[in-house]
1. Take residue 377 and residue 467, extend 7 Å from each Cα along the Cα→Cβ direction, and tell me the distance between the two endpoints in nm.
2. Once you keep just the Cα pairs under 8 angstrom separated by 6 or more residues, what percentage relative contact order results for the chain?
3. Kindly provide the helix-only [θ] at 222 nm of the chain, computed as the sum of -39,500 (n - 2.57) over DSSP H runs of four or more divided by all residues, to the nearest 500 deg cm²/dmol?
4. For the pair residue 348 and residue 108, what calculated FRET efficiency results from E = 1/(1 + (r/R0)^6), where r is the Cβ-Cβ distance and R0 = 35 Å, to the nearest 0.05?
5. Under a plain spin-label model, where a point goes 7 Å from the Cα along Cα-to-Cβ, how far apart in nm are residue 16 and residue 71?
6. Quick one: order 145, 478 by neighbouring beta-carbon count within 10 Å, fewest to most.
7. Can you compute the label reach from residue 39? Point 7 Å from Cα along the Cβ direction, backbone N cut-off under 12 Å, restricted to the range 116-141.
8. Give the peptides 183-192, 468-477 in descending order of average Cβ contacts within 10 Å, highest first.
């Protein structure tokens, strides 16, 4: 039976409608005609003279036609001010909820935001002379969406555009990943969809001394230690020989000019204060440390989080939804065991924690709610995680740093017996360069939304793969190449610093193939035990397989990933 017969969406009220109301669930449930990336998506607008002007003319013409429908709102994303202009009520609604407004940023962080936006976003519906499409101009830091209301693509392209500015001007690394802190140590998961990123991050919250950081996007600052014990992010350098560097180029420049003690540095402390130093003020014998910063005020996440984190259901039902479908009897029959397990988990949550409205529901009613939340993989919610977990266990200040000690590349490959492996430099970089997802698609850095020329990057990497031999490495060829696209040079200069700043691991989330594991719940629990032990010990050279991983976690408890 095809998947699309298992769940349905109500039809649009008009053939050209981009957004409309779905069957009630949560505070609201908006259905969008496009439920993923637009078929037309052009990130190389600058390569076509006059194209941006033409696109802007179309957008502005539509805005002038119906000025009463136009909404505009500025937000601050890791210190970068971004302005959105749209005539979509849904996109405006989610945009306002998702990010810190200018006033909120200053109140929460204590720092004054920039006076003017660096990135401008136009999301315009009803543009008759344009197809459903997305465009990006790096030169002008401008994003234009036509005739689509799907928030996920807008959010991701904005993060990508902000990321290019942060990398080139500040040396700050934007990562499509999730982060959790345990015992004062942060772990960053980098992974393609469907490999257990959300399960691993929310699941780790079942352990004591944990604090939730980020769900989908993380900013990483790489810091040097000063001789007086401070940690600083170096923004710009000026050598006595007249050479200068800024942003991601700073790290290599410092390596090459370490003897130039009088070189001038502009830097930021961990509390975001600007300082001016000399290169001699850095203690270069100390390793670089990585610190993670959260990006969103309220998380835009998949509603299928409910399957492994049932305590979230209460807040999911108090949140705004996007593309939550109706389910058929065939769906409920096919996934009866999963739904029964979810209802069982809900009943195990202490009465009152889910709220009276859920506690009083019958099993059949709870099963229907659960079915709708997990049926469509790209159904989304705007969830305030600080209302699910105790507020003190959530990072709520976007400028509060979390020290990273481990980076885990997640994969799901049942044919590979390796469970956990300390990823050395060439392997770590090669996996990120290729970025192969479980369905064999390629995404550089497991991030399809980077604001780059995807075709140019892919063509370059493909050329390296054709040249690599058994005695060679893809990453070595990358470092020796003279024609590396600037965007790849930028990205992997920062990943090289990440490798030095934190221990890197591969984790295969397929413990269900272990004959001693009864079900998915136990497999998830054992995977979490592996992560917790790895974060505690930061082991070097570890290599565990399906045959010996149990020895590493020993008698460790395997907490149920579905408990709070």
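1. Taking the two extended label points, one gets 3.5 nm.
2. The normalised contact order for the chain reaches 17 percent.
3. -9500 deg cm²/dmol
4. The value I calculate is 0.50.
5. Modelled inter-label distance: 2.2 nm.
6. By the 10 Å Cβ count, ascending: 478, 145.
7. The answer is 131-133, whose backbone nitrogens lie closer than 12 Å to the label point.
8. Values: 183-192: 21.9, 468-477: 13.2.
Those peptides, ordered most packed to least, come out 183-192, 468-477.
No value in this document is a laboratory result; all are computed from the given coordinates. Keep in mind the model is a prediction, meaning the values are calculated, not measured. Cβ sites come from the backbone with ideal geometry, for glycine too, and all protein chains shown count toward neighbours.
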